[in-house]
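Novice: Dumping the structure here so I can ask a few things about it.
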Amino acid sequence: MAITLQSKYGLKRVVNASGRMSILGVSAPTDNVMEAMKQGGQSYVEIAELVKRSGEHVASVMGAEGAVVVNSASSGIALSVAAVVTRGSERSTLRLHQDSIVKNEIIMFKGHNVQYGVPVEMMIYLGGGKLVEVGYANEGRADHLEQAIGERTAAILFVKSHHCVQKNMIGLEEAQQVAKRHGIPLIVDAAAEEDLYSYVKLADLVIYSGSKAIEGPTSGIVAGRSPYVDWVRMQLHGIGRSMKVGKEVVFGLLAALDEYLVKEDKSGQEKQALEQLKVLADLPGVAVAIVQDEAGRSIFRGRIRLDSSIAGISAGEVNDQLRDGDIAVYTRDYGVRQGYFDLDPRSLQGDDLAVIIERIQQIVGGTTHV
């Protein structure tokens, strides 16, 4: 039996039912993407030319005026903030955290300042910005943005994510109208979004993960309008130097992006596969449902809800035992305090779904037969 890299280095097998999460390596690139990375990594190129040409290709795909490949969506936030704060000044770029910059306030809804492994606000401060939170945890209106705009305002940052508060929050179109009325750049963090086209029509800078929906290597994209993209590119010689992207990653991302353009929509098949989970409803205190993504994307997940008074175990305890087993099964566990967890089918491989079913049957106390 062949030794896997995981076992060679003492790592568990992981069943990823949580989706494309950074804590599990986000996604599993295709053979074509890995071959592009191999060829790119084993060749020499002029990096400055690669930055230029890769940006031109990405921009042409997305319908943007320009684009820059970065090493993650997180760095994309920091670099975008640094861009609008320094506004193309070489001195400010090189002395970002040393010189005082007056116009450095970044306005963002309180409900958008999410913790996704790190708080969004940390990336704002890393980029030399000062966060100005507006609105409330359950409400974000256009006038909340407008009331905070002043002579120190550098940009509005709008986070488009299922992590964010969805209730009573204005959409991106209204935020864009506010930014446009006041002549302020609008930055959109769309890290996990699948739509590569709509946001660049509304925002001055849009940030994507290269490894989530696109399923490339760990990387990011910042796309948008001039001169803002040019200012982001300048940051590669400032704080971006510590966030530089390897040539193999750039080639891998470009290959993944080309694949993404012709990618088959498998949401229907994934939804159908989740029907297998309904056998778990035979367990005492367990209910199974298929739900759509909170942010309205065409993503379906299996929701396992437990009545602990009947099952004798809580959703949180089942989730913990799934994660801590010999095979580590990771769920989307945001709802465990409300008595449920979700199973995302997009990253499942081989017999992963059968493993999940059997492990839940074992934990809750039902049959181990799948």
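Novice: Counting only the heavy atoms of the protein chains, how much of Phe158 is accessible to a 1.4 Å probe, in Å² to the nearest 10?
Specialist: 10
Novice: Please list Glu173, Glu193 in order of solvent-accessible area, largest first, computed with a 1.4 Å probe with all protein chains present.
Specialist: Glu173, Glu193
Novice: Out of all DSSP beta bridges in region 162-296, what portion is antiparallel? Express it as a percent rounded to 5.
Specialist: That works out to approximately 60 percent antiparallel.
Novice: List, in order, the whole-Hz ³J(HN,Hα) value for each residue of region 11-16 obtained from phi through the Karplus relation with A = 6.51, B = -1.76, C = 1.60 and θ = phi - 60°; use x for Gly and Pro.
Specialist: Result, ordered by residue: 9, 6, 6, 10, 9, 9 Hz.
Novice: Another question, if that's okay. So, for region 214-294, what is the accessible surface per residue at a probe of 1.4 Å, expressed in square angstrom?
Specialist: 48
Novice: Taking the highest mean first, how do the peptides 236-245, 16-25 order by number of other beta carbon atoms within 10 angstrom per residue?
Specialist: Order by mean packing, descending: 16-25, 236-245.
Novice: With Kirkwood's inverse mean 1/r over C-alpha pairs for Rh, give me the Rg to Rh ratio of the chain, two decimals please.
Specialist: Checking Rg against Rh, the ratio lands at 1.01.
Novice: So, R0 is 41 Å and r is the distance between the beta-carbons of Gln362 and Asp265; what FRET efficiency does that work out to, to 0.05? Write out the running numbers ahead of the final one.
Specialist: On the way: r = 34 Å, r/R0 = 0.83.
Efficiency for this residue pair is about 0.75.
Novice: Rounded to the nearest angstrom and ordered from largest down, what semi-axes does the equivalent ellipsoid of region 1-156 get from its C-alpha gyration tensor (root of 5λ)?
Specialist: 36, 24, 15
Novice: A further question on this structure: Could you run the Karplus curve 6.51 cos²θ - 1.76 cosθ + 1.60 with θ = phi - 60° over region 305-320 and give me ³J(HN,Hα) per residue in whole Hz, x for Gly and Pro?
Specialist: 10, 10, 9, 5, 5, 9, 6, x, 7, 8, 4, x, 5, 4, 4, 5
Novice: Right, here's the next one. At a probe radius of 1.4 Å, what is the per-residue accessible area of Lys103, in Å² to the nearest 10?
Specialist: Approximately 90 Å² for this residue.
Novice: Just in region 202-264: which GluC sites (Glu not before Pro) are loop by DSSP and have at most 13 other Cβ atoms within 10 Å?
Specialist: Filter output for region 202-264: Glu264.
Novice: Moving on. So what is log10(I(q)/I(0)) for region 276-324 at q = 0.28, 0.31 1/Å, when the Debye sum runs over its Cα atoms only?
Specialist: After summing over all Cα pairs, the log10 values are -1.03, -1.09.
Novice: With an 8 Å cut-off on Cα pairs and a minimum separation of 6 or more residues, tell me the relative contact order of region 1-134 in percent.
Specialist: 17
Novice: Beta carbons within 10 angstrom, averaged per residue: use that to sort the peptides 224-234, 133-143, highest first.
Specialist: Top of the packing list down: 224-234, 133-143.
Novice: Also, quick follow-up: Hey, with R₀ at 45 Å, roughly what FRET efficiency would Ile310 and Gln6 work out to, going by the Cβ-Cβ distance, to 0.05?
Specialist: On the way: r = 37 Å, r/R0 = 0.82.
It comes to 0.75.
Novice: Residues with beta-carbon under 12 Å from that of Leu236, excluding Leu236: net charge, scoring Lys, Arg +1 and Asp, Glu -1?
Specialist: +3
Novice: Further, regarding this structure: In 10 Å bins starting at zero, report the fraction of Cα pairs in region 198-267 per bin as a rounded %.
Specialist: Over region 198-267, the share of Cα pairs per 10 Å bin runs 19, 43, 33, 5, 0 percent.
Novice: Highest mean first, how do 32-38, 96-102 rank when packing is the count of other Cβ atoms within 10 Å averaged over residues?
Specialist: 32-38, 96-102
Novice: I've got another one for you. Taking Lys201 as the anchor, which aspartates and glutamates have their alpha carbon closer than 13 Å to its alpha carbon, excluding any fewer than eight residues away along the same chain?
Specialist: Glu65, Glu173
Novice: Give me the orientation-averaged projected area of the Cα convex hull of region 143-228, in nm², one decimal.
Specialist: 6.2
Novice: Considering Cα pairs under 8 angstrom that are at least six residues apart, work out the relative contact order of region 254-370 and quote it in whole percent.
Specialist: Averaging sequence separation for qualifying contacts and normalising by length gives 22 percent for region 254-370.
The values are calculated or read from the model by the stated rules, or taken from the named source; none is laboratory data. Computed from a prediction, not measured in an experiment: that's the story for all the values here. For neighbour counting, all protein chains shown are included, and Cβ atoms are generated from backbone atoms with ideal geometry for every residue, glycine included. Keep in mind that these areas ignore ligands, DNA and RNA; they rest on the heavy atoms of the full protein, side chains included. Shrake-Rupley method; radii C 1.70, N 1.55, O 1.52, S 1.80 Å.
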